[in-house]
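Take a look at the structure below.
Values quoted throughout were computed directly from the atomic coordinates according to the rules given, and no laboratory measurement underlies them. Predicted model, so just to flag it, every value in this text is computed and none were measured. Note: ideal-geometry Cβ built from the backbone for every residue, glycine included; neighbour counts use all protein chains shown.
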Amino acid sequence: MAAATELTLTDTAAADQLREMFADSRRILFFTGAGISTESGIPDFRSPGGLWSKMKPIYFQEFIGSEEIRREAWRRRFDNSDGWVGAQPNQGHLAVAEWIRRGKAAAVITQNVDNLHQLAGVPESQVIELHGNSTYARCLTCQRRVELADLEKEFQATGNVGPCDCGGIMKSATISFGQSMPELPMRRAHEETLLSDLFVVLGSSLSVFPAAEFPRIASHNGASLVIVNREPTQMDELADLVIHDSIGAVMTHISQ
Ligand code: ZN
């Protein structure tokens, strides 16, 4: 696991402005991407030099169509080549959880699959996962949930993960390339977006659609839009406030 990024606040004035926006808001909605979790040492696999520039992603249809590809997918999963195992929530995750606990923020929509919002204490019902969750698996037919630890034992013993009792294919509960977006989380994300008056993007380049539509919908609906991301994003021009800084540092600053 890579060392966690240093959390230093460089733009105190912008963070102060964000604190005021939080104070004035009736209903905050968070939207998080890879950038919040890189501060926990999880690599951003979309970035240059990231996992996807070294290893070709497996598409859903390939996974469904070939036992060999499924074996490869599980091998990658249990090799921890994506760097998720053992990662812990950081100050950014903890601050998000705290605003939700206070009732000031309604939920967090996330593009991440690392389960760190739940580990930070956000109730399952208030984490809206657009790309699923990599910390457990589901049967693609009957949707039965199976813990990865159990599947790993099977993989170590047999070299693969067999079908569910119902005959369906087991797959980690993430949304793969080529797989359709999950209906219920997409609907909930849309509803929460329309209810929010302050939409706060934390660590997303806003380049993956349809997920990246939500900040635009919020803005068109009259909500204030804030983007906290180390790099410029495609929607900076649309935002009421843009902060290019450490998420952990900004969120700690405004949460004190
Ligand atoms: Zn099944």
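Determine the gain in length on full extension of the stretch R27-T12; use 0.36 nm per residue of separation and subtract their C-alpha separation, reporting nm with one decimal. Walk me through the numbers on the way to the answer.
Working: separation 15, 0.36 × 15 = 5.40 nm, distance 2.37 nm.
Value of the extension gain: 3.0 nm.
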Phi to ³J(HN,Hα) by Karplus 6.51 cos²θ - 1.76 cosθ + 1.60 over the range 13-19, Hz, x for Gly, Pro:
4, 5, 5, 5, 5, 5, 4
Taking E39, E62, E124 and counting other beta carbon atoms within 10 angstrom, the fewest-first order is E124, E62, E39
Most fluctuating of H190, H93, H131 in the GNM of the chain (C-alpha, under 10 Å) is H190
Give me the percent relative contact order of the range 105-162, please, defined on Cα pairs under 8 angstrom at least 6 residues apart.
26 percent
Which whole-Hz couplings ³J(HN,Hα) result when phi for each residue of the range 170-176 is put into the Karplus expression 6.51 cos²θ - 1.76 cosθ + 1.60, θ = phi - 60°, listed in order with x for Gly and Pro?
7, 8, 4, 7, 8, 8, 7
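Work out the FRET efficiency for E98 and T141 from their Cβ-Cβ distance, taking R0 = 45 Å, and round it to the nearest 0.05. Mind showing how you got there, number by number?
Details: r = 39 Å, r/R0 = 0.87.
Efficiency at R0 = 45 Å is approximately 0.70.
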Sum of side-chain charges, A14 neighbourhood, beta-carbon under 15 Å (Lys, Arg +1; Asp, Glu -1)
-4
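So how do 201-212, 110-121 stack up, highest first, on mean other-Cβ count within 10 Å? The partial results should precede the final answer.
Working: 201-212: 19.9, 110-121: 22.7.
My ranking of the peptides, most packed first, is 110-121, 201-212.
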Per residue of the range 140-147, in order, report the coupling 6.51 cos²θ - 1.76 cosθ + 1.60 (Karplus, θ = phi - 60°) as ³J(HN,Hα) in whole Hz, putting x for Gly and Pro.
6, 9, 9, 6, 4, 8, 10, 6
Other-chain or far-sequence residues with amide H under 5 Å of G132's (modelled H):
I175
Mind checking which of I247, P185, A173 is farthest towards the positive end of the chain's charge dipole, using Cβ charges of +1 (Lys, Arg) and -1 (Asp, Glu) about the Cα centre?
A173
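For E191 and L238, calculate 0.36 nm times their separation in residues minus their Cα-Cα distance, and state this gained length in nm to one decimal.
Details: separation 47, 0.36 × 47 = 16.92 nm, distance 2.05 nm.
So the extension gain works out to 14.9 nm.
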Cα→Cβ-extended label distance, 7 Å offset, between S125 and I217, nm:
2.1 nm
When the helix-only estimate is applied to the chain (DSSP H runs of n ≥ 4, each -39,500 (n - 2.57), divided by the residue count), what is the mean residue ellipticity at 222 nm, nearest 500 deg cm²/dmol?
-10500 deg cm²/dmol
Considering amide H positions built from the backbone, and no H for Pro or chain starts, which residues 5 or more places from K104, or on another chain, come under 5 Å of its amide H?
none
